[in-house]
Amino acid sequence: VQLQASGGGLVQAGGSLRLSCAASGSIFSINVMGWYRQAPGKQRELVADIKRSGSTNYADFVKGRFTISRDNALNTVYLQMNSLKPEDTTVYYCTAGVGEKFYWGQGTLVTVSS
């Protein structure tokens, strides 16, 4: 499984960005896709994920602000980020789970200015 993430950038506080992650390869075996983020010196943390069934899971710090969705025809998962805060500034990583194994895309930087 290969993952290509895009959509990061610079935005003012209160603004919005949409991250995209396109999967290729053995996509039929993916059972969950999601987004993590990692700030310098900190552990990588879950932002949101979405299972093949469509059920979603969000970290408390993004509930009500971020929405994860998927387009099965395009094998793509999206993260719509609204009401962004400066503390959301960090690198975001796309991930895909196949059984017990997780694949990772390259990070995409999100910078929120105050």
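The values are calculated or read from the model by the stated rules, or taken from the named source; none is laboratory data. The structure presented is a predicted model; accordingly, all values stated were derived computationally and were not measured. Cβ sites come from the backbone with ideal geometry, for glycine too, and all protein chains shown count toward neighbours. With ligands, DNA and RNA removed, areas are computed over all heavy atoms of the protein, side chains included. Shrake-Rupley method; radii C 1.70, N 1.55, O 1.52, S 1.80 Å.
Roughly to the nearest percent, how much of the accessible area of the chain is carbon and sulfur, given a 1.4 Å probe? Write down the numbers at each step before the final one.
Working: 2980 of 5980 Å².
C and S fraction of accessible area: 50 percent.
Provide the per residue accessible area, probe 1.4 Å, for the chain, rounded to a whole number of square angstrom.
With the other protein chains kept in place, the chain gives 52 Å² per residue.
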For G97, net neighbour charge (Lys/Arg +1, Asp/Glu -1) across residues whose Cβ lies under 14 Å away = +2
key: Gyration tensor (Cα) of region 1-42, equivalent ellipsoid semi-axes in angstrom   = 25, 14, 9
request  = Taking a cut-off of 22 Å between Cα atoms, list the lysines near K63, but don't count ones fewer than 8 places away on the same chain.
outcome  = K42, K51, K85
query = Cβ under 11 Å from S20's Cβ, S20 left aside: what net charge do those residues give with Lys, Arg +1 and Asp, Glu -1?
reply = +1
